[in-house]
Amino acid sequence: MKLEDIFKPKVALPVLTAIALILRLIPLRHKYMLGYDPYFHLAYIEEALKAGEWFNFLTIAGGPWGAQVRNAHPLGLWMTPTYIYKILSVFGVSLYNAFRITPVIFGVLTVVFFYLALLKLYDEKKAFFASLFLAISFGHVFRSMANYYRGDNYMLFWYSVALLGVALAFSIRSKLRYKRFVFYLIPAFASGFASIFWAAYYPIFVFLLANAVFLGAGAFILDEREHLLDALALALSTLLGAFIANSLGGKFGYGMLGYNRWLGKKTAEKLMLEFGTIKDAYLLVHVKYLVPLSIAFIVLIFILGKFIKDKKVRAGVLVGLAVLGAFVLFYRFEALKDLSTGFGIFREAPIQETQPSSFNDLWKAFSISLFLIPLFFLRFDPNRVNISDFLVLGLIFPSLYMIKTWTRFLFIGSMAIALMAGVGIVELYEILKPHLNERKVSALGIGLLVLLPAVNAGFSIKETYSLRPYANEHWEDTLTWLRENSNQNDIVMAWWDYGHWVTYYARRSPVAQGRPYHGVALYYLDKFDKNWAMIFGVDYVIVSYYDFLKFGAIVETAKMHPKYNVTEKYGVIVLPLTSKIGALVFQRGDYRIIAKPGQRWDVIVNLKGQTISPKELYVEYQGKILRPNLSASKSNTYLYINLDYKYAIFMNEEAFNTTLARLFIRPEEPYELAYSDGGVVKILKLKHPNVKVERDGEKVILRFENATGTGLGIWGFLDNGTLVFKKWYNVKGKNEFELPEEVNGTVVRYAYAVGKKIVDRGIFRRG
């Protein structure tokens, strides 16, 4: 087989599919899934299969209030892996494994449809290399690989389908050219269907509408008036797509800007919109403003094309119209200037995903292809440019803006980067080829078309292989123990990162999960006390070694609270054991601790050349925490050493006096150590007037531990979240309470009070 033969679709497509598949299957080698969110998704799927229905009100999340699942994502996000499981279960594939490989299926399909689209828009070589760069891009692999289930994978998949539809329309020639417009139903349905799978699916509409606008601009400059009709058809297809998305929202759940969500309501308020037939703020803007403006632009340049023939003048007119359109849009919606921060709600959140992309982020995501981007614009030589180049600018420019704004968008922008790199590298090769002899052409081909993609693939393989799950046996064992030794209605306090694990492994409801919550941070820092925890019905508190590694994030999250001013200078250093010869040596960078055991321990702490001795020492070994005497104590600092897991935590007085450190090292009443693996994860039980929900046949009985309460509030909800019952009952002196028949609703919340003080809360499903 000749080298040129690899670019033939019958060879290229299997090669691209194999490369994309192999790279995305690498993380399947791990027992645990990557990140946190997939555990929530799988927990809900398992509970829905157990219940035999796609219920909405999930009581093992969002404690103590519960979570309405369709306020997280549309239902398709969970239905898809479920149906894949039902298909693959015939071959013995478990739900866990079907869930883990679902991202791979749609990631590979995205590469396939992208290739098929570019095959129609460009040629075999450019389609191959652009798709190859997407297949090997870590920016795309990261959210389409095994063990990491994310919703944006679906959005990009549906865009690849939509792009193929546009490309098929372009491919119709001669007498059949007017029949091409039927293919614009593909982007219409693709954009509409995307709304089923991800709450933030809106970029597909932005891309397609931008495709239409740039297509119109290209047709105007190149004087290809026929394609102005394609631009008009594509813009109108997004209008149909918006109505499809709006209709599907009523059945599967609306996106994050839906009328029934806080962000949707806030966005509508900011943009001075009113919900009516269209029940999503973005779709409302799209239908009422973006599509009409785009169509007006296309119609205007269609008319101007009859009078303006000079290409330079046409280009100037386009620039003027672009400035005018932006002015009109931002004048009408001044709040759009704050769109990239989610209208301010993401501005200060200490989450990596919502931070601007750094060069390091870009390098990890795109590697060599990052530097190949400028080559794409070689296409805009007057003798080489074609209408397809203008079409894809509608993908490129919004993607570049999104990549700049948030690291979360590196995945969505990966298709644009791959397109520019792949098309650009072939373009450079074809420009240089006529000027070189056969030997130099061969060397150039190897250098550009073989080595550069190979280097890019090498970086991507390295990054993919280096990924490690955050979950481990310690968390699984701890949370499984909690599941087996606590009540189903118990509420758990853990750092928000681990909330989804609590839902999945423990099947208990955590106070925080999925996003930072300043209340938990303030609780760990001892700004909020046990009374605050009891108001949330907290029965168990989880503290871990990893919380000390995240201590800086805990402090930053606490500072997000609008009323509490955290001014303490906390100091926490976690150091691994590096030597046991003669003494215990813990070291990290310029920080070193030397501890010599004895009847009195000799401990010296070296902090970048400054030598001090801690005030107190705590040593944990084989499940016991000892407090040895020190030979010297010359500072208000504290040291905890774990000999089982070989690490030390050095703290100043402010950090040592936090609830986090107290519960981990020296718990006291009203907390009781319920579970410990000896120094990685610990569970503390909060002793308080507690409510335990039990079932006796069809009866639901609420039993009171430490029955000092005087009142019990009961709220009943339908599965859609509608409140249908509310009443307070006198339970003074009672040890139990049978849920009355008068209580309506599928989901019941309760509050146990002493006078007006809430001492316990919880939530459970009836039946």
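Restricting attention to the stretch 248-274, which residues are outside any loop (DSSP other than H, G, I, E, B) and either touching an Asp or Glu at 6+ places or on another chain (Cβ under 8 Å) or of a type in the set (Lys, Arg) (or both)?
Residues satisfying the conditions are Gly249, Lys251, Gly258, Gly264, Lys265, Lys266, Ala268, Lys270.
All of (1) within 17 Å of the chain's Cα centre (by Cα); (2) surrounded by fewer than 21 Cβ atoms within 10 Å (Cβ to Cβ) hold for Pro74 with one exception: (2).
Residues in the stretch 394-413 that are farther than 13 Å from Val206 by Cβ and of a type outside the set (Ser, Thr, Tyr): Ile403, Lys404, Trp406, Arg408, Leu410, Phe411. Cβ-Cβ contacts under 6 Å between residues 6 or more apart (or on different chains), taken from a first residue in the stretch 361-380 that is under 13 Å from Ile136 (Cα atoms) to a second residue that is surrounded by 24 or more Cβ atoms within 10 Å (Cβ to Cβ) and of a type in the set (A, V, I, L, M), are listed as Ala365/Leu410; Phe366/Ile417; Ser369/Ile417; Ser369/Ala421.
Within the stretch 275-299, which residues are part of a loop (DSSP other than H, G, I, E, B), in contact with a helix residue (DSSP H, G or I) (Cβ under 7 Å, 6 or more places away or on another chain) and open to solvent by 40 Å² or more (accessible area, probe 1.4 Å)? Lay out the reasoning, then the answer.
Let us first name the residues in the stretch 275-299 that are part of a loop (DSSP other than H, G, I, E, B), namely 275-279.
Add one more test, that the residue is in contact with a helix residue (DSSP H, G or I) (Cβ under 7 Å, 6 or more places away or on another chain), and what stays is 275, 278-279.
Phe275, Lys279 - these are the residues of the stretch 275-299 that are part of a loop (DSSP other than H, G, I, E, B), in contact with a helix residue (DSSP H, G or I) (Cβ under 7 Å, 6 or more places away or on another chain) and open to solvent by 40 Å² or more (accessible area, probe 1.4 Å).
Go through (1) modelled with pLDDT under 95; (2) of a type in the set (Phe, Trp, Tyr); (3) within 22 Å of Asp497 (Cβ to Cβ) one by one and return the number of the condition Tyr591 breaks. Checking Tyr591 against (1) modelled with pLDDT under 95; (2) of a type in the set (Phe, Trp, Tyr); (3) within 22 Å of Asp497 (Cβ to Cβ), the one that fails is (3). For the stretch 129-142, name all the residues that are out of contact with any Lys or Arg (no Cβ under 7 Å at 6 or more places or on another chain) and open to solvent by less than 10 Å² (accessible area, probe 1.4 Å). The answer is Phe129, Ala130, Ser131, Phe133, Leu134, Ala135, Ile136, Ser137, Gly139, His140. Before we move on, is Phe704 outside any loop (DSSP other than H, G, I, E, B), in contact with an Asp or Glu (Cβ under 8 Å, 6 or more places away or on another chain) and surrounded by 13 or more Cβ atoms within 10 Å (Cβ to Cβ)? Answer is yes for this residue.
One residue alone among Val520, Val605 is within 24 Å of Trp475 (Cβ to Cβ), crowded, with 22+ Cβ neighbours inside 10 Å and not small (Gly, Ala, Ser), and that residue is Val520. When Leu479 is tested against the conditions (1) open to solvent by 80 Å² or more (accessible area, probe 1.4 Å); (2) in a helix (DSSP H, G or I), the lone failure is (1). Residues that are β-branched (Val, Ile, Thr) and either more than 39 Å from the chain's Cα centre (by Cα) or open to solvent by 10 Å² or more (accessible area, probe 1.4 Å) (or both) within the stretch 609-655 comprise Thr611, Ile612, Ile625, Thr637, listed in sequence order. Could you grab me the full set of residues in the stretch 552-566 that are in contact with a Leu (Cβ under 8 Å, 6 or more places away or on another chain) and open to solvent by 10 Å² or more (accessible area, probe 1.4 Å)? Residues satisfying the conditions are Val555, His561, Tyr564, Val566. Of all positions in the stretch 656-667, none carries a residue that is open to solvent by less than 60 Å² (accessible area, probe 1.4 Å) and assigned to a strand (DSSP E or B). Is at least one residue of the stretch 200-217 open to solvent by 10 Å² or more (accessible area, probe 1.4 Å), aromatic (Phe, Trp, Tyr) and under 25 Å from the mean Cα position of the chain (by Cα)? Yes, there is a match, as at least one residue in the stretch 200-217 is open to solvent by 10 Å² or more (accessible area, probe 1.4 Å), aromatic (Phe, Trp, Tyr) and under 25 Å from the mean Cα position of the chain (by Cα).
Based on what the data block shows, is Tyr154 within 19 Å of Leu248 (Cβ to Cβ), more than 18 Å from the chain's Cα centre (by Cα) and touching a residue at least 60 places away in the same chain (Cβ under 8 Å)? Here the answer is no, as Tyr154 does not meet what is asked. Across the stretch 81-118, the number of residues qualifying as crowded, with 18+ Cβ neighbours inside 10 Å and of a type in the set (Lys, Arg) comes to 1. So for the stretch 448-466 (the condition being in contact (Cβ under 8 Å) with a residue 24 or more places away in the chain, part of a loop (DSSP other than H, G, I, E, B) and open to solvent by less than 50 Å² (accessible area, probe 1.4 Å)), does at least one residue qualify? Looking through the stretch 448-466, none of the residues is in contact (Cβ under 8 Å) with a residue 24 or more places away in the chain, part of a loop (DSSP other than H, G, I, E, B) and open to solvent by less than 50 Å² (accessible area, probe 1.4 Å). Counting only residues that are within 19 Å of Gln587 (Cα to Cα) and without any contact (Cβ under 8 Å) to a residue 12 or more places away in the chain, the stretch 610-640 holds 2 of them.
Taken over the stretch 460-493, the residue count meeting the criterion of being of a type in the set (Lys, Arg) and over 23 Å from Phe664 (Cβ atoms) is 2.
The values are calculated or read from the model by the stated rules, or taken from the named source; none is laboratory data. Quick caveat, the model's predicted, so the values are computed rather than measured. Every residue, glycine among them, receives a Cβ derived from its backbone with ideal geometry; neighbour counts consider all protein chains shown. We work out accessible area using only protein heavy atoms, side chains counted, and drop any ligands, DNA or RNA first. Shrake-Rupley method; radii C 1.70, N 1.55, O 1.52, S 1.80 Å.
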